[in-house]
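Take a look at the structure set out below.
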Amino acid sequence: MAVVLGHDQDVESWRLRHRAGEVADGTPYGYDAADEVFEMRWSVAHAERPVVRRIRARLVSALGFDLVHAWRNRRLIRWADVVWTHTEREHLAVAAVQALRPRRRTPVLAQSVWLWDRWPTWGATRRALVARLLRTHPVECTHSRVNREISAATVPGRRVIVLPFGTTVPALDPSSAGAPGDRSGRPLVLALGNDVDRDWDLFLAVTEQLPELDFRIACHRRSIREMPWPAHVSCGPAASRAEVDELFGDAAVVAVPLRPNRHASGATTCIEATGAGRPVVATATGGIEDYLPPETDLVTVGDVDGWVRALREVVGSPATVDARFVLRHGLTQRDYVARYVALTWDLLGVAPADDGVSQFRSAGDQWPQAAVE
């Protein structure tokens, strides 16, 4: 298998970050778990001069995918029996490279994340190009039912499925998911994430109405850190994965404020918070409810007062969440990679993937069986 990821996700650089404690997984999204099933090779982020980097960035902006990066990895693409991708920036680029050299097309497991959020902003020419490239893939996967429905209706006649996401949850042992850590006596509301669809403007208004609570915002984006947060709000990046785990341990509630989106923005945070036994308050958009326990407080998009009420109610009635929800609903990283494995066997014609690959339930029991069969 060839795993073609973004230029900023070179696997060797990622492994160095993992050894330094910066990230939870040894490879991006834990795709290396499939090493026990397939021979895995990874795209390489080639060194480039600043002027070349700028040219590549402009092409990415113009096309919406990284053609140069995929072209540099064309031999890997030709070598593979199947290509795995994580976003449209990779799978559209792989499709374009294969269109330039059409003698042999390697099947692509094409996963889209932001594509259908951006589609309405594109002109007719780009839409036509993207639709043509999408039709070359045997399957398109999305993390959200909303995305799947829009994709299937917009470019019909293709196989489009939901593929539930899953991630590493270090605190998944239910016995370790206890009450929030002992702090100053003031409840802590944790909000973390760097996705462009976090609604930090709304969250600023929420924090201003809740001076009795402490807030910790873990975000790498400078523009967010420079917002005029009140004194009871601490905003800055988490230095390590260990610090993130500690923050989950201290939090009384985890907040996931979102702008309208189609791709279940915030799913990673929701899974991690639930795995740590923490209640979540989230904006109801993008299909995020599939990644949360049914008792979760979901707030309408843009409803500041609703957010204030929900946070006060959750903090006023402290409770932990059953971390086993993550296991039962197949939201672990191993579940996620098992779905990729099952789809790969399907693309190779070895064994058809059943409907379970799209269900929010444990895929762990399929893991070695899917590999052996």
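Helix 145-154 axis versus longest C-alpha principal axis of the chain: approximately 40°, rounded to the nearest ten.
The modelled label-to-label distance for the pair THR320/ASP250, using points 7 Å beyond Cα in the direction of Cβ, is 1.9 nm. By the helix-only formula, in which each DSSP H run with n ≥ 4 contributes -39500 (n - 2.57) and the sum is divided by residues, the chain has a 222 nm mean residue ellipticity of -11000 deg cm²/dmol. For segment 28-38, the Karplus equation 6.51 cos²θ - 1.76 cosθ + 1.60, evaluated at θ = phi - 60°, returns couplings of x, 6, x, 5, 5, 4, 6, 4, 6, 10, 10 Hz by residue, with Gly and Pro reported as x.
Among VAL308, VAL11, a tally of other beta-carbon atoms within 10 Å of each Cβ gives an order, fewest to most, of VAL308, VAL11. Among the trypsin sites (Lys or Arg not before Pro) in segment 1-106, those located in a DSSP loop and surrounded by at most 11 other Cβ atoms within 10 Å of their own Cβ are ARG103, ARG104.
For a modelled paramagnetic label at ALA47, 7 Å from Cα along Cα-to-Cβ, the residues of segment 1-33 in reach, with backbone nitrogen under 15 Å, are 13.
Secondary structure note: in segment 174-326, about 5% of the DSSP beta bridges are antiparallel.
Say R0 is 25 Å: what FRET efficiency, to the nearest 0.05, do THR154 and LEU298 get from their beta-carbon distance? Please report the intermediate quantities before stating the final value.
Values: r = 26 Å, r/R0 = 1.05.
Approximately 0.40, to the nearest 0.05.
For the chain, set up a Gaussian network in which alpha carbons nearer than 10 Å are linked by springs, and say which option among GLN111, GLN359, GLN333 fluctuates the most. Fluctuation is largest for GLN359. The H on the amide N of ARG198, modeled in the peptide plane, is under 5 Å from the matching H of ARG259, each at least 5 residues off or on a different chain. A DSSP coil position with no more than 15 other Cβ atoms inside 10 Å describes the following chymotrypsin sites (Phe, Trp or Tyr not before Pro) in segment 59-146: TRP122. Report the residues of segment 231-250 in range of a label on ARG17: point 7 Å along Cα→C-beta, backbone N strictly under 18 Å from it. Counting only backbone N, you get 236-245.
Under the combined filter of DSSP loop state and at most 12 neighbouring Cβ atoms within 10 Å, segment 261-370 retains these GluC sites (Glu not before Pro): GLU295.
Using the alpha-carbon atoms, what tilt in degrees (0 to 90, nearest 10) does helix 88-100 show relative to the longest principal axis of the chain? Helix 88-100 sits at roughly 10 degrees to that axis.
Which order, highest average first, do 45-52, 340-347 follow once you tally other Cβ atoms within 10 Å for each residue and take the mean per peptide? All intermediate terms of the calculation are to be shown ahead of the outcome.
Details: 45-52: 11.0, 340-347: 22.0.
In decreasing order of mean packing, 45-52, 340-347 become 340-347, 45-52.
For the chain, a crude dipole built from +1 on the beta carbon of Lys and Arg and -1 on the beta carbon of Asp and Glu, taken about the Cα centre, is about 2200 debye to the nearest 20. A simple rule links phi to the HN-Hα coupling: the Karplus curve 6.51 cos²θ - 1.76 cosθ + 1.60 with θ = phi - 60°, which for segment 281-294 gives 10, 9, 7, 7, 7, x, x, 5, 4, 5, 9, 9, x, x Hz, with x for Gly and Pro.
Taking other residues whose beta carbon is less than 14 angstrom from the beta carbon of ALA131, and scoring Lys, Arg as +1 and Asp, Glu as -1, yields +4. Would you mind checking the tilt of helix 50-63 against the longest principal axis of the Cα atoms of the chain, expressed as 0 to 90 degrees and rounded to 10? Rounded to the nearest ten degrees, it is 90. If R₀ is 22 angstrom, what is the calculated FRET efficiency for the pair ARG78 and ALA351, using the beta carbon separation as r and rounding to 0.05? My answer for the efficiency is 0.30.
State the label only: which of (1) -0.46, -0.71, -1.12, -1.24; (2) -0.38, -0.59, -1.01, -1.18; (3) -0.42, -0.66, -1.11, -1.26 corresponds to log10 I(q)/I(0) by the Debye sum over Cα atoms at q = 0.08, 0.10, 0.13, 0.14 Å⁻¹ computed from the shown model? Computing log10 I(q)/I(0) by the Debye sum over Cα atoms at q = 0.08, 0.10, 0.13, 0.14 Å⁻¹ and matching it to (1) -0.46, -0.71, -1.12, -1.24; (2) -0.38, -0.59, -1.01, -1.18; (3) -0.42, -0.66, -1.11, -1.26 gives (3).
Here, each number is a calculation from the coordinates, and none is a lab measurement. Because the structure is a prediction, the values reported are computed rather than measured. A quick note on method: Cβ atoms are made from the backbone with ideal geometry, for glycine too, and the neighbour counts reach across all protein chains shown.
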